[in-house]
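Below is one structure, written out as structure tokens; the observations come after it.
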Amino acid sequence: MLDQIPTHRPFDAFQSFVLDCKMFWTRQMLPEVRRAYEEKLSEGAAPATAEEVEALMRDDTTYQFFGWFERHQQRMKYSGRHGLAVHYAQFREHLARELAAPVEERLLQLDPGFEQPEYYTSIDIHQHPGGVWSDEIAGYVYERGAKSTAPMLRKSESLHHRLTAEALSRAGREVQRVADLGCGFGGSTRPFYMDHPGIEVVGVELSAPCLRLAARRASEDQARNVTFRQADAADTGLEEGAYDIVTSTMVLHEMPPRHIEKVLKESHRLLAPGGVSVHLDFLVRDDLFREFIHNGHSRRNNEPFMPPLNRMDIEAAHREAGFDDLEIVPFEEFTGALSPENTAWRFPWTLIVARKAA
Ligand SMILES: C[S@@+](CC[C@H](N)C(=O)[O-])C[C@H]1O[C@@H](n2cnc3c(N)ncnc32)[C@H](O)[C@@H]1O
């Protein structure tokens, strides 16, 4: 196995090697799989569903290599000799102490009796051992891991800054309060609270280790306008009708459709009249090949709810939640990402925007 090859390289070199592997997979391997698929189409194959594409490609060597590579590079990233979980465990005591240092009271609201939903604890999401919630230092592991989740994303024009700008412009009015559901270690919350000190922001999240890290980072930022709160996005306990924007980034695909329905209802409940819900997630409906690749990614990355989100009637779920003004559009995660010239692998980023009636 690749991850058992003895190595004396330090952690950074190992992780940068894994990132280079991912870049190769992203830019070189995916186009090769597409070429193999197109060859089959030119020979007369005519799949009508993503499952039929899967059946067509299952025995293709290029695809098998692509899938094996995807699964194992992710395993190396977390669990290899210098994997993230392995590496951070060496510094457990130090990191735990850092997290335990007091932060301003308003930054962090943990719920000591909190019970995680069963769907959440039943899988090691992203192949992260123990998921992002069970180990006290999981937030650090996740924070470092997120740097290589989508390697084509450019730091200079961060996804989260783009989403923040989009959400604020979609609000179309002065924004006073924002709720960021499933905020993780605060990556999606930070551009709201840092760049807009006049806005009151709350990040809602299941994972206490992630919330502690988010609060620590906000404390380092000397932020005065954010709270990180442990709660289910489906039942936040926040004030009804008080938010101009309710947003989430990469969260809906991590829960089953029944839970998504509840999150949409909660989004509607939280919004002030005329407020907007802006969920950034993954939908692919018009490209069977990309849907097939996305479904495979879901299996290989331990993210089982990606296909159910893609298949569910998200429009009907919004209507059920009380929204009747809905827009679903592709989201350009970096300049040029949607151009036909970009043949690299990418998530099917999609913006789901709904407005509560005024
Ligand atoms: C892929 S991460 C995205 C984190 C953050 N939004 C970002 O963009 O960096 C998804 C997050 O959703 C959280 N999550 C999953 N189900 C949730 C729920 N029902 N309520 C609140 N958070 C949830 C997970 O713990 C995880 O931190």
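Here's the yes/no breakdown for (1) without any contact (Cβ under 8 Å) to a residue 24 or more places away in the chain; (2) within 10 Å of the ligand (Cβ to nearest atom); (3) over 26 Å from Glu332 (Cβ atoms); (4) in the same structural domain as Gly172 (by TED's automatic domain parsing):
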residue	(1), (2), (3), (4)
Cys210	no, yes, yes, no
Ala215	no, no, yes, no
Val226	no, no, yes, no
Gly237	yes, no, yes, yes
Glu266	no, yes, yes, yes
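All but one of (1) modelled with pLDDT under 95; (2) assigned to a loop (DSSP other than H, G, I, E, B); (3) buried (at least 19 other Cβ atoms within 10 Å of the Cβ) hold for Val132; which doesn't?
The single condition Val132 does not satisfy is (1).
In segment 163-184, what residues are closer than 21 Å to Gly237 by Cβ and touching a helix residue (DSSP H, G or I) at 6+ places or on another chain (Cβ under 6 Å)?
If the condition is that a residue be closer than 21 Å to Gly237 by Cβ and touching a helix residue (DSSP H, G or I) at 6+ places or on another chain (Cβ under 6 Å), then Val178, Ala179, Gly184 are the ones that fit.
Could you grab me the full set of residues in segment 151-182 that are closer than 22 Å to Ala85 by Cβ and within 11 Å of the ligand (Cβ to nearest atom)? Explain how you work it out, then say what you get.
Keep residues of segment 151-182 that are closer than 22 Å to Ala85 by Cβ, which gives 151, 182.
Residue satisfying the conditions is Gly182 alone.
Mind listing whichever residues of segment 9-63 are closer than 25 Å to Pro340 by Cβ, without any contact (Cβ under 8 Å) to a residue 60 or more places away in the chain and touching a Lys or Arg at 6+ places or on another chain (Cβ under 9 Å)?
Leu56, Asp60, Thr62 - these are the residues of segment 9-63 that are closer than 25 Å to Pro340 by Cβ, without any contact (Cβ under 8 Å) to a residue 60 or more places away in the chain and touching a Lys or Arg at 6+ places or on another chain (Cβ under 9 Å).
Can you tell me which residue is surrounded by the fewest Cβ atoms within 10 Å (Cβ to Cβ) among those in segment 301-337 that are touching a Pro at 6+ places or on another chain (Cβ under 6 Å) and among the hydrophobic types (A, V, I, L, M, F, W, C)?
If we take residues in segment 301-337 being touching a Pro at 6+ places or on another chain (Cβ under 6 Å) and among the hydrophobic types (A, V, I, L, M, F, W, C), then Met312 is surrounded by the fewest Cβ atoms within 10 Å (Cβ to Cβ).
Among the numbered criteria (1) part of a loop (DSSP other than H, G, I, E, B); (2) open to solvent by less than 70 Å² (accessible area, probe 1.4 Å); (3) farther than 19 Å from Met194 by Cα, which single criterion is violated by Arg144?
It fails just one condition, (1).
Would you confirm, using the coordinates I've provided, whether Gly274 is surrounded by fewer than 24 Cβ atoms within 10 Å (Cβ to Cβ), part of a strand (DSSP E or B) and away from the ligand (no atom under 16 Å from the Cβ)?
So Gly274 fits the description; yes.
Considering only segment 104-121, how many residues are away from the ligand (no atom under 12 Å from the Cβ) and not charged (D, E, K, R)?
Selection size over segment 104-121: 6.
Before we move on, is Glu261 open to solvent by 10 Å² or more (accessible area, probe 1.4 Å), away from the ligand (no atom under 14 Å from the Cβ) and of a type in the set (D, E, K, R)?
No; evaluated as a whole, the condition is false for this residue.
Exactly one of (1) closer than 19 Å to Ala272 by Cα; (2) touching a Leu at 6+ places or on another chain (Cβ under 6 Å) is unmet by Glu200. Its number?
(2)
The values are calculated or read from the model by the stated rules, or taken from the named source; none is laboratory data. Computed from a predicted structure; not experimentally measured. Backbone-built Cβ (ideal geometry, glycine too); neighbour counts: all protein chains shown. Only protein heavy atoms, including side chains, enter the accessible area calculation; ligands, DNA and RNA are left aside. Shrake-Rupley method; radii C 1.70, N 1.55, O 1.52, S 1.80 Å.
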